Structure formats: C-alpha cells, structure tokens
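Below: one structure, written as structure tokens.
Read-outs: derived from the displayed coordinates by stated rules, not from any lab. The shown structure was predicted, so the numbers you read here are calculated from the model rather than taken from an experiment. As a convention, Cβ positions derive from the backbone with ideal geometry for all residues, glycine included, and neighbour counts pool all protein chains shown.
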C-alpha cells in the first residue's frame with residue numbers, strides 16, 4: 001500500500017496503515033504456538049465460510065437427492081443401469097460369499113428380488129434373498145449445472161442483474177459527485193456555521209429511517225415516481241453522511257501547497273478540485289464506489305416500497321427474496337440463485353479489497 | 001441561498017466572503033437533500049402524530065391532540081415489540097462487540113501465519129447481500145439437513161430448531177448476521193495496530209501477563225474504537241428489521257419473537273394504513289435511540305480514553 005500511495009503522490013496515513021506488516025513478524029520461526037494458533041484460525045475461517053460451500057453443493061444437487069435420507073453431501077446421483085430400454089436402479093448387494101456387488105434391480109419383491117449384473121447382463125437374472133428396501137445405493141458424482149440455467153430463465157436473472165448494475169452505476173456516480181463536492185466544501189473552505197453543519201451531517205447517521213419514511217414516501221408518490229427508479233437514484237445525488245465523512249477526512253490529509261500553487265496559476269475552486277484533489281484522492285473514491293456497489297446489491301426495502309408492481313425494474317436482492325417465497329420447497333434453485341447473486345460482488349471485492357478496507361478504517365478509527 | 005449566484009469576479013465581496021460563498025455552493029447538494037429528505041420529513045412526521053392521517057383517507061383530516069400518544073400508552077403490542085427489540089439487542093450487541101474484538105486480537109497475533117490472507121477472507125463475506133446471507137445461513141441452520149446441527153451432533157449435542165423455536169431464534173438471527181462483522185474486525189484491527197508497542201513492553205516489565213496486558217493496555221487504548229462500535233451498533237440494532245421481514249414477512253413467527261419494533265412500525269404504516277399512529281411509533285423509536293445514545297455519550301467520559309487528550 002505504501003508503494004501505491006507514493007506512485008500517485010498521496011500522503012501516507014501512518015495511523016491507518018493496516019496492511020503494514022511488523023518487521024519482526026516475518027522473521028519469527030514456525031514454533032508450536034504459531035502452528036496451533038494458525039491451525040485454530042484456519043478452522044475458525046472454515047466454519048465461518050462453510051455456508052458458501054453448502055450453498056455451492058446444494059445448488060448442484062437434484063431435488064431427489066435433497067429429499068433422500070442418507071444421500072451424500074456432495075452432488076451425486078444414485079447409480080443406474082440401462083437394460084432393454086429400462087433405467088434400473090443399482091444397489092449395493094451383499095452376496096453369500098461375503099462380497100458386495102453393484103447389481104441392477106429388475107424384479108423387486110418383498111422376500112426375494114431379481115437383479116442383473118451390469119458387468120455381465122448376458123448372465124441373466126440373479127435372485128437374491130431379502131428385502132431390497134434394506135439395500136443402499138452407490139452414489140456417483142453428478143453436478144446438476146442445469147440448476148443455474150433453470151434459475152437464469154425462471155427469475156429472468158439477466159434483467160435483475162442489469163437493473164442492479166444500472167442502479168449501482170448511476171447511483172454510484174451520483175454519490176461520488178455529490179459527496180466529493182460536499183466533502184471538498186467542508187474540507188477546504190471556511191464559512192460561518194461550518195462546524196455546526198458538519199455536526200449536523202454526522203448526526204443524520206443516528207436518525208432512524210422510520211421518522212422520515214412516510215413523508216418521503218408521500219412525496220415520491222405525489223411526484224409520480226412510484227414504479228420508477230427515481231426514488232432509489234435521486235437521493236444518491238444529495239450526498240450521504242458516511243461518504244462525505246470519509247472523503248472529507250481524506251481531503252484534510254492532502255497538503256494545501258498544491259492547491260495554493262494552482263491558485264497562483266489562476267485556477268478556480270472547481271479546477272483545483274478536478275485537477276489537484278481528485279487525482280490524489282482516487283483510492284478513497286474507489287472505496288466510495290465499492291461501498292455503493294455493496295449498497296446496491298443490498299437494496300431491498302426501497303424497491304419493495306416503490307417497485308412492488310414493476311417486477312421488470314427490481315434489483316437482485318428483492319428478486320431473490322421473491323424467488324424464495326415462490327419456490328421455497330426447491331432449495332437447489334434458491335441456493336443457485338444465491339450463488340449467482342454474490343459472484344459479482346465477490347469478484348469486485350478481490351480486485352479492490354485494499355481500497356475497500358482502507359475506507360472502512362478511515363470512517364471507523366479517525367474520529 | 002448564497003450558492004445560486006456565481007461568486008467569481010464579484011468585486012464587492014472580500015476574499016473571506018468569497019471563500020464562504022464557494023463553501024456554501026459546494027455543500028449545496030447536501031443542504032438541499034437534508035432539507036427535502038430529512039428535515040421536512042422529520043417535522044412532518046412529528047405533525048402527523050397529532051392528526052388522523054391514514055393511507056386511504058376516508059374521514060376529513062383533523063387535529064386529534066394527544067390521542068395517538070394516549071393510544072400508544074395503552075398499546076401492549078408496541079411495548080411488546082419494544083421489548084422484543086431490546087431483548088434481541090441484549091444478545092446481538094455484546095456479540096457484535098466481543099466477537100470482532102476477539103477475532104481482531106487473534107488476527108493481530110504475531111504468532112499467526114498468513115494473517116493478511118486470513119484477514120481478507122474473514123472480511124470478504126461482508127460484501128454479500130443480506131438476503132443471500134440469510135439464505136446461505138438459514139440453510140445451515142436447518143434442524144435436519146443443516147450443517148450446524150450436524151456439527152453439534154459430532155459432540156453429542158442435540159441442536160435446536162433455530163429459527164422456529166422462540167428461545168433459539170435470537171441466537172439464530174445473530175448467526176445469520178455473522179457475515180456482517182467484517183468491517184468491525186477491520187476497525188478493531190486498525191485500532192489494535194495503533195497501540196504503541198512500548199506500552200506492552202512496559203506492562204511486561206511490570207509483570208503483566210496476557211490478561212493483565214489486555215486489561216491495562218489493550219482495553220483502555222481500544223476504548224474509542226469500542227465506543228464507536230457500541231454507538232453505531234446500538235443505533236443499528238434498535239432499528240433491526242430487514243432480516244425478520246424477509247424471513248417471516250413481518251408476521252413475528254415464531255410466537256411473536258421476531259415482531260421487532262420496526263416491523264410493527266412498518267405494518268402500522270403499510271398493512272394497517274395508519275400513518276399517524278405509525279408516525280407516533282416512529283417518534284417513540286427516535287426518542288429511545290436519542291436517549292440511549294445520549295446516555296452512551298455521557299458515560300463515555302468514565303470509560304473512553306483518548307490518548308493525548310489529558311496531558
């Protein structure tokens with residue numbers, strides 16, 4: 001991170017540099033304590049992330065496997081064998097000689113059943129004494145990739161994804177533009193009431209959404225904005241407390257010398273913002289953009305209020321929850337949809353995790 | 001407003017005045033948003049509490065005095081919903097403070113290998129939308145097929161029916177929220193790395209062990225971070241309702257245990273269509289949040305230590 005900051009000429013934030021490794025950490029030998037602690041942490045992490053694995057395995061299973069008791073946890077089909085135009089179930093049959101063989105059931109019966117040996121169908125029907133219901137089936141790894149295709153069309157996934165991305169991009173632009181302007185105003189200009197107004201910005205964090213809900217809803221209804229994206233997008237253009245705080249804190253750490261030099265060269269405030277401040281601040285601007293992306297993928301309540309009757313305009317979280325209401329008995333589709341929903345945020349996260357985590361640190365520690 | 005006339009080149013303004021005009025101009029988007037989407041709605045909501053507004057207004061709008069407040073006093077449902085919220089907060093808030101702190105301690109340990117990698121993976125689920133997290137963890141908590149009860153059975157424990165048992169649903173909801181702890185872990189971690197190493201050296205010289213150092217160095221130095229997490233956590237948990245709304249469509253299942261205060265507010269607005277009474281409930285929530293936050297800020301002087309403040 002330090003190198004990256006130098007490259008773009010941004011000042012280092014020593015107190016916030018969570019990526020810096022302590023030099024003595026690297027040289028420490030791998031002793032028993034270190035091994036134990038690391039193993040424990042990895043186990044904890046495995047537990048923490050295990051729902052992702054469960055979601056993945058469930059999303060690849062067939063409905064039959066999910067309802068079968070004793071089925072393996074990995075996606076699989078019970079063994080089967082094609083014989084004379086029929087699909088026969090294969091069972092693990094214990095034979096009198098003590099071995100167990102995979103045989104296909106042709107003639108099920110209570111006391112005795114007829115089996116075919118898939119390895120040697122020509123040998124004819126073998127009769128086995130005992131109830132075939134007590135037999136177990138062999139399982140073969142068989143992921144149902146078709147579940148994803150099914151979800152793709154059933155909930156019109158491309159449409160939901162397009163809506164979510166459009167809301168994230170337009171709202172993200174609005175947030176970045178408005179919050180940058182407001183943060184710049186608070187960070188670089190002196191005006192009467194500035195501290196009081198900034199306190200007011202921060203205090204809106206403590207205001208419960210319920211006390212503004214009904215009048216805001218009424219306003220949007222009267223503007224005729226129900227059934228459009230406007231109630232979700234327009235507020236983004238009026239700045240929000242978290243991002244203003246984040247950007248303002250960062251702008252405050254930027255040296256004023258460059259501003260002053262540009263001012264002497266005749267640059268106005270807008271010019272200074274665009275050519276001096278923004279180029280230095282892009283790591284936090286990226287953080288704001290990703291915060292907004294996460295926010296957009298989480299959009300649920302506002303679309304529920306304003307887009308209930310316009311399913312073609314809904315973003316993914318609302319679509320996903322609707323899917324659960326309708327197909328609650330088909331967990332393989334729910335989990336496939338869940339996985340499809342989180343792919344883009346996870347990929348974006350791994351590309352921009354440093355900027356993202358730094359943004360959280362600035363808002364959280366620098367108070 | 002000052003921001004409407006372009007200030008550049010206006011010779012009547014002094015340098016300081018010109019700077020102030022630019023300042024107001026730049027914060028205009030926030031001022032406009034604050035007035036239209038915050039201040040006016042808050043005042044309007046307050047006015048609504050003295051009226052008889054409904055979603056589908058049948059009777060003429062009229063001033064009803066303190067009727068809504070009188071209704072509130074006798075409304076057992078409202079106080080039950082508040083008690084549900086506070087009981088959930090009593091579990092969720094301590095977990096939300098202690099777990100990220102403990103995890104940050106672990107990730108900050110010098111004996112830990114690959115801490116950057118582990119930290120990134122512990123943080124990653126933070127970006128997963130809550131509906132997706134609800135489905136993933138909800139499936140984990142399934143009493144028969146869920147892995148959590150499967151894991152418990154390895155230890156000979158009989159896992160509960162988490163989300164359908166009134167006495168287990170709060171821990172269940174806390175588990176569903178676990179993926180959200182990433183940001184708190186990162187903030188705690190940054191706080192821990194800001195504690196000067198000399199303080200630990202000094203404590204060690206004085207004979208302090210792990211717990212002694214935790215008690216006398218880490219906790220006091222971390223108190224501003226804990227205060228920050230506590231405040232935001234409190235404001236968040238008192239408004240908690242999206243997860244139960246998606247999980248049980250606001251019905252409060254099982255046995256009313258998830259009938260959170262905000263669910264009641266939401267139902268009053270949109271199911272019962274009683275705007276004025278909903279507004280009264282919203283104001284009660286506002287007052288509760290304000291009061292608890294103020295108490296917390298007042299208490300800060302006794303337990304929050306800002307290094308470099310008292311010289």
Query raised in the report: Tilt of helix A:32-59 relative to the longest C-alpha principal axis of chain A, in degrees (0 to 90, nearest 10)?
Result: 70
Query - In degrees, nearest ten, helix A:316-326 long axis to first principal axis of chain A (Cα) - result: 30
Query - Gaussian network model of chain A, Cα within-10 Å springs - most flexible of A:278, A:211, A:151 - result: A:211
Query raised in the report: Between residue B:202 and residue B:165, what is the spin-label point distance in nm, taking each point 7 Å from the Cα along the Cα→C-beta axis?
Result: 5.0
Query raised in the report: Extent of region B:161-235 along each principal axis, from alpha carbon coordinates, in Å, largest to smallest?
Result: 53, 23, 18
Query raised in the report: Under 20 Å from the 7 Å Cα→Cβ point of residue A:326, by amide nitrogen: which residues of region A:150-179?
Result: A:150-165
Query - Percentage of interatomic Cα-Cα distances in region A:80-137 larger than 18 Å - result: 23
Query raised in the report: Which residue fluctuates the most in chain A, going by a Gaussian network model with Cα springs under 10 Å, if the choices are A:87, A:55, A:180?
Result: A:87
Query - 11 Å cut-off, amide nitrogen to a point 7 angstrom out along residue A:203 Cα→Cβ, residues in region A:172-196 - result: A:196
Report task. Provide the packing ranking of A:139-150, B:113-124, B:203-214, A:337-348, i.e. peptides ordered by the mean count of other C-beta atoms within 10 Å per residue, highest first. Result -> A:337-348, B:113-124, A:139-150, B:203-214
Report task. Evaluate peptide B:242-249: per residue, the Cβ atoms of other protein chains within 10 Å of its Cβ; return the mean as an integer. Result -> 3
Query - With Cα atoms, 0 to 90° folded angle of helix A:194-203 axis to chain A main axis - result: 20
Requested in this report: Quote the convex hull volume per residue of region B:135-282, based on C-alpha atoms, as a whole number of Å³.
Outcome: 156
Report task. List the relative contact order of region B:69-303 as a percent without decimals, with contacts defined as Cα pairs under 8 Å and 6+ residues apart. Result -> 26
**Report entry** 17 Å tail of the calculated P(r), region A:31-75, as % of Cα pairs
**Finding:** 51
Query raised in the report: Which order do B:277, A:327 fall in if you start with the one that has the fewest other Cβ atoms within 10 Å?
Result: A:327, B:277
**Report entry** Whether region B:222-299 is rounded, prolate or oblate, judged on the alpha carbon gyration tensor where a/c under 1.5 counts as rounded
**Finding:** oblate
Query - Fully extended contour minus Cα-Cα distance, from residue B:292 to residue B:12, at 0.36 nm per residue - result: 95.9 nm
**Report entry** Principal axis dimensions, largest first and in whole angstrom, of chain A by Cα
**Finding:** 99, 66, 35
Requested in this report: Take the Cα pairs of the protein assembly as shown, get the Kirkwood Rh, then feed it into Stokes-Einstein at 10 °C and 1.306 mPa s and tell me D in µm²/s.
Outcome: 55
Query raised in the report: In peptide B:271-282, how many Cβ atoms from other protein chains are near each Cβ within 10 Å, on average?
Result: 2
Query raised in the report: Measuring from centroid to centroid over Cα atoms, what is the spacing of region B:40-65 and region A:337-366 in Å?
Result: 42
Query raised in the report: With r defined as the distance between the Cβ atoms of residue B:210 and residue B:300 and R0 fixed at 45 Å, what FRET efficiency is calculated, to the nearest 0.05?
Result: 0.95
Report task. Please report the orientation-averaged projected area of region A:45-182, defined via the convex hull of its C-alpha atoms, in nm². Result -> 14.2
Query raised in the report: Peptide A:180-191: average number of partner chain Cβ atoms within 10 Å per residue?
Result: 6
Report summary line: Plugging the Cβ-Cβ distance of residue B:58 and residue A:173 into 1/(1 + (r/R0)^6) at R0 = 35 Å yields, to the nearest 0.05, a FRET efficiency of 0.20
Report task. With r as the distance between the Cβ atoms of residue A:258 and residue B:251 and R0 = 45 Å, compute the FRET efficiency 1/(1 + (r/R0)^6) and round to 0.05. Result -> 0.15
Report summary line: Bounding extents of chain B in its principal axis frame from Cα atoms, largest first in Å, are 70, 67, 35
Query raised in the report: So for B:221, A:357, B:140, fewest C-beta neighbours within 10 Å to most, what's the order?
Result: B:221, B:140, A:357
Report task. Compute the Cα gyration tensor for region B:1-135, then decide on rounded, prolate or oblate, letting a ≥ b ≥ c be the square roots of its eigenvalues: rounded whenever a/c is under 1.5, prolate when a/b is larger than b/c in the other cases, and oblate in all that remain. Result -> oblate
Report task. Find the all-direction average of the projected area of the Cα convex hull for region A:148-365, expressing the result in square nanometres with one decimal place. Result -> 14.6
Query - Inter-part distance where region A:141-209 and region B:73-108 are each reduced to a Cα centre, Å - result: 26
